[in-house]
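Here is the structure we will look at.
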2 protein chains.
Amino acid sequence: MVVGISILLDFSGVAIEKFHRALTWEKLFEDAIEIGRMTKLQISSYQFPEIRTGDVTTSGNGGATAFALLSESHISVHTWPEYEKVVIDVFTCGSHERIDSIVSFFQESVKHSELRITKLSRGDTN
Amino acid sequence: MVVGISILLDFSGVAIEKFHRALTWEKLFEDAIEIGRMTKLQISSYQFPEIRTGDVTTSGNGGATAFALLSESHISVHTWPEYEKVVIDVFTCGSHERIDSIVSFFQESVKHSELRITKLSRGDTN
């Protein structure tokens, strides 16, 4: 029996100067939740201060992480400015229509060159 | 280029009376983070007060949701007591060894009859 759907969005070639701030993601999550007619329980985020590549640490704008806890499950994002990558997970037990509206929202909002979308049914162990 | 790994754990037939409380999950997450030698940024949880099946609402112990924001990404859980199901996501850019130790920890801690484990590389759009 399926209890929800995970949608995994892997973005490459992101115009990262617009998407490396945690507060930007909090705002995008607020908009996505409204568009998907979801119910927010809590939004948290964290701004990493530095970029680390292997053993080399460069001071400047690091990646961001944000998470929205919803009545209908969650949305998360992690960003890697040094690789121009953004990874978003949407996990919801809402309707397909609402899920599609959230996916379209992120697809249009996050300027990118490549995107891989993976959809997985959850809760089914058969 | 891969920036992390998602491990999706779908448990069925869970002895849910032991796993429907949000605070239980906060404790399990603390233990998992220690075992995986991860760095906790924040743990949040929410207890749903009622079980809803379709249009019917039964008062009693509802499901739980918990989320751990880590320096190495995140762990989330959602529970459906009415279906004896628990769904855990572990997203990490840590080592395979650390990931395996966390997966083994949840596999042993959550008493269940069936488990589906899905591993996905993240960040690669090719």
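Each value in this text was obtained by applying a stated rule to the coordinates, not by laboratory testing. All values derive from a computational prediction rather than experimental measurement. Reconstructed Cβ throughout: ideal geometry from the backbone, glycine too, with neighbour counts over all protein chains shown.
Computed quantities for the displayed model
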{"item": "Set of lysines with alpha-carbon distance to B:Lys18 below 17 Å, sequence-local pairs under 8 removed", "result": "B:Lys27, B:Lys85, B:Lys111"}
{"item": "Phi-based couplings in Hz for the stretch A:79-92 (Karplus 6.51, -1.76, 1.60; Gly and Pro marked x)", "result": "10, 10, x, 5, 10, 6, 10, 9, 10, 10, 10, 10, 10, 8"}
{"item": "Whole-Hz couplings from phi, Karplus 6.51/-1.76/1.60, listed for the stretch A:12-18; x for Gly and Pro", "result": "10, x, 7, 5, 5, 4, 8"}
{"item": "Relative contact order (percent, whole number), chain A, Cα cutoff 8 Å, 6+ residue spacing", "result": "41 percent"}
{"item": "At 7 Å out from Cα toward Cβ: B:Ala15 inter-copy label distances (nm, ascending)", "result": "5.5"}
{"item": "Between helix A:96-109 and chain A: long-axis angle, C-alpha atoms, 0 to 90°, nearest 10", "result": "20 degrees"}
{"item": "Inter-copy spacing of B:Ile117 label points, which lie 7 Å from Cα along Cα→Cβ, given in nm from shortest upward", "result": "3.0"}
{"item": "Residues of type lysines that A:Lys119 reaches as a straight line, Cα spacing below 18 Å, ignoring anything fewer than 8 places off in the same chain", "result": "B:Lys119"}
{"item": "Local electrostatic count at B:Ser76 - Lys and Arg +1, Asp and Glu -1, tallied over other residues with Cβ under 12 Å", "result": "-1"}
{"item": "Nearest-first distances (nm) between copies at B:Lys40, label 7 Å from Cα via Cβ", "result": "2.5"}
{"item": "Trypsin sites (Lys or Arg not before Pro), loop per DSSP, at most 14 other Cβ atoms within 10 Å - longest free stretch of chain B", "result": "B:38-110"}
{"item": "Reciprocal mean inverse distance between Cα atoms of the protein assembly as shown - Kirkwood radius, Å", "result": "18.3 Å"}
